[in-house]
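The values are calculated or read from the model by the stated rules, or taken from the named source; none is laboratory data. From a predicted model like this one, the values you see are computed outputs, not experimental measurements. Glycine also receives a Cβ, built like all others from the backbone with ideal geometry; neighbour counts cover every protein chain displayed.
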Amino acid sequence: METGRNFDPVALADFYGIKIERSTTQSNSAWYQPTHTIHLPHGLDRAAERTAITYALGWAVLAEPSTDAVIDWSAQYLLPDRDLQALSEVSADWNLWARALDVDHDFLTAYLSTIDYQKQRLQ
């Protein structure tokens, strides 16, 4: 499966048998275990939608999900190390990184702020 900008979270949801539905009444994305469905609000741009689906998938598939675990799980698909390394060599601008990787800036910031990522950078 592709990672980074070419990662297709809808294909991964299909693989896990998870439906994706858009909601006119919901303002946040959410995983609903009883119906095996991810609900997304209408009007998300491509980066926000890719990020929201992947993040919700993390809550769906991890045996013991926590916010940090879901961020790390999602990052393996959305933010591959090779891409982060390449971007870090040309710019320190995380806004540019988010656009280049086609991910939500808040998600990128959350991941890059994690202790695990900071440790990895020091190695």
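Given the condition within 9 Å of the chain's Cα centre (by Cα) and in a helix (DSSP H, G or I), answer yes or no: does some residue in the stretch 98-111 qualify? Yes. For the stretch 70-123, filtered to residues that are at pLDDT 95 or above and among the hydroxyl-bearing types (S, T, Y), the residue that is farthest from N6 (Cα to Cα) is S74.
So that you can scan it fast, the table gives a plain yes or no per residue for (1) crowded, with 19+ Cβ neighbours inside 10 Å; (2) farther than 30 Å from Q33 by Cβ; (3) without any contact (Cβ under 8 Å) to a residue 60 or more places away in the chain:
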position	(1), (2), (3)
E49	yes, no, yes
Y55	yes, no, yes
G58	yes, no, yes
L62	no, no, yes
V70	yes, no, yes
S74	yes, no, yes
P80	no, no, no
S91	no, yes, yes
W94	no, yes, yes
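Just one of the listed residues (A86, A56) is hydrophobic (A, V, I, L, M, F, W, C) and touching a Phe, Trp or Tyr at 6+ places or on another chain (Cβ under 9 Å), and it is A56. Considering (1) touching a strand residue (DSSP E or B) at 6+ places or on another chain (Cβ under 7 Å); (2) on the phi > 0 side of the Ramachandran plot, the lone condition that W31 does not fulfil carries the number (2).
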